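Scroll down for the structure; my scribbles are underneath it.
Where a number appears in this text, it was derived from the coordinates with a stated rule and is not lab data. Predicted model, so just to flag it, every value in this text is computed and none were measured. When we count neighbours, we look across all protein chains shown, and the Cβ atoms used for this are built from the backbone with ideal geometry, even at glycine.
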Amino acid sequence: MSENLYRQLIDIYESPINVYDKELRLIFMNRKSAEILGGKPEDFTGKKLNEYFLSPIAEDMMEKHRKIIETGQAVDFEIPIEYFGKIIWYWSHVQPIKDKEGDISMLMVISYDITERKKAEEKLRQTENLLNRVQELAHFASFERDLINNSFERSDELYRIFGITHDEFGSQGRLSQWVHPDDRDYVEKQLKLMLSGNSTGQVEFRIIRPDGEERFISSNADIIFDGNSMPVKIMGYVQDITERKMAEEELQQSEYLLSQAQELAHLGSYEWDIVNDRIERSDELFRIIGITREEVAPEERLTQYIHADDRDNIVKGYQSMKAGHSIGPKELRIIRPDGEERVVFANEDVILDDSGVPVKSIGYLLDITERKKAEKERDQLILELKHALNNIKTLKGLLPICSNCKKIRTDKGYWSQIEVYIQSHTDALFTHSICPVCIEKLYGDEDWHKEIHNK
């Protein structure tokens, strides 16, 4: 191939090509390279790079060229060039060319436009940064495991979740060493089931961070199979659900304490979704009525357990609540399936939306049967006490009494024997006897008395 034909081929090449001598002066430039600089090849021939390429990076590029001449080693690098107000990225390959004696006599620089690739890389970088930020905020991490090469790709958030750095762990390490000892066998079993196609790949487990902190993890993964149905890759995500698990435990504890409090107080609660016509009831409400949760559908009313004489008022109450009116506190009777009658105190409140339409009703039932029994017993005791008090006869005030015969003057002015008066004003009864003084006075001269007295 003649030199002229070779130059023509290079000249029509759509990528910039420049050739420099040992002094770094331009000895050849193809049409594309001159076009980028806004001129013709002859406008730049014989000049050094920093004489025709007025850019801060010109000196840096010339320094790279000098080192290539010194070392004889080809170099690749990327450079941005401003072209008609736009930045164009080029990947340049600088190749030293030797003469017949083996000395470097020229440098050939071939550049390729990589602007679109750089834009794609920048877009990918921004996407990765956004993904990392989203994963960090959501405590959500991704991973990929190559089963053939036993290598891993993990997002930064995954290392944050486990409390380690990428450098501390490395690309070949496995995270199973941080799985809670009590959960490790379970996780390994689920992995084997997933690889065999017998598991969904979703698993929850605990990890122990290097600092000793325990965290709850949810992991979900998919298996990629080759044409022979052999697993070749695992792709999935990991999410830190510690806060959610703690909230669930606190909620369960609160629900347990509420259930215990309701049971102790015999207080049952309910919530009626008026829009969807579904009712959520507490366990104690079922205990009060004497039925189980399984016996009643969420949309079913419990009016069949209300005493027949009270039922109409309750049905009207439901209708009133659907119209947006609270029906207030009331007492009613229920009949349990075993026939026992109980008395309950009920109260409801209706919740309206912004338009004033009723959407929910919240209420409670308080079993007051024992209280009503106690009130009835108390009322009976009070009645009996009043009756007893009415029958009690009392003596009070000043009583006129004769100083001689000891008769008492009644409130009507009559004189009465003292024993008659007391007997008529109290429940006391008298039995007649005689005291020693009166015996001596009345019978002191009698022989029989003297005989007894002398003994």
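Highest mean packing comes first when the peptides 398-410, 203-215 are listed by Cβ atoms within 10 Å, giving 203-215, 398-410.
The residue list ALA34, GLY163, PRO56 was ranked by how far each Cα lies along the charge dipole of the chain toward its positive end, using unit charges on Cβ atoms, and GLY163 comes out on top.
Computed from point charges on the beta carbon alone (+1 for Lys and Arg, -1 for Asp and Glu), the dipole magnitude for the chain about its Cα centre is near 1420 Debye. In the set (1) 3, 11, 17, 24, 27, 13, 3, 1, 0; (2) 3, 11, 10, 8, 10, 12, 8, 6, 7, 6, 5, 3, 2, 2, 2, 2, 1, 1, 0; (3) 4, 18, 26, 24, 18, 8, 2, 0, which value of P(r) over Cα pairs in 10 Å bins from 0, in percent was calculated from the structure you see? Among (1) 3, 11, 17, 24, 27, 13, 3, 1, 0; (2) 3, 11, 10, 8, 10, 12, 8, 6, 7, 6, 5, 3, 2, 2, 2, 2, 1, 1, 0; (3) 4, 18, 26, 24, 18, 8, 2, 0, the one derived from this structure is (2).
Which ordering of TRP415, TRP178 is given by a fewest-first count of other beta-carbon atoms within 10 Å? If you can, show how the numbers build up before the last one.
Numbers: TRP415 13, TRP178 19.
With the sparsest Cβ surroundings first, the list reads TRP415, TRP178.
The spread of Cα positions in the range 250-372, taken along each principal axis and listed from longest to shortest, comes to 43, 42, 27 Å.
Checking the cross-link pairs LYS386/LYS407; LYS119/LYS233; LYS330/LYS373 against a 22 Å limit on the alpha carbon distance flags LYS386/LYS407; LYS119/LYS233 as lying beyond it. In the range 275-357, taking the dipole from charged Cβ atoms about the Cα centre, the farthest positive-side position among VAL275, ILE351, PRO329 is held by PRO329.
Before anything else, pin down the relative contact order of the chain: Cα pairs under 8 Å, at least 6 apart, normalised by residue count, whole percent.
Reported relative contact order: 6 percent.
Secondary-structure-derived ellipticity at 222 nm for the chain, considering helices only, amounts to -12000 deg cm²/dmol, per-run term -39500 (n - 2.57) for DSSP H runs with n ≥ 4.
Of the GluC sites (Glu not before Pro) in the range 314-379, the ones in a loop by DSSP (not H, G, I, E or B) with at most 10 other beta carbons within 10 Å are GLU340. When the chain is described by a simple charge dipole with +1 on each Lys and Arg Cβ and -1 on each Asp and Glu Cβ, the residue from GLY444, ALA308, TYR364 located farthest towards its positive end is GLY444. Report, ordered by chain and residue number, the lysines lying within cross-link reach of LYS48, taken as a straight Cα distance under 29 Å and ignoring same-chain residues fewer than 8 apart. Result set, ordered by chain and number: LYS22, LYS32, LYS40, LYS64, LYS67, LYS86, LYS98, LYS100, LYS118.
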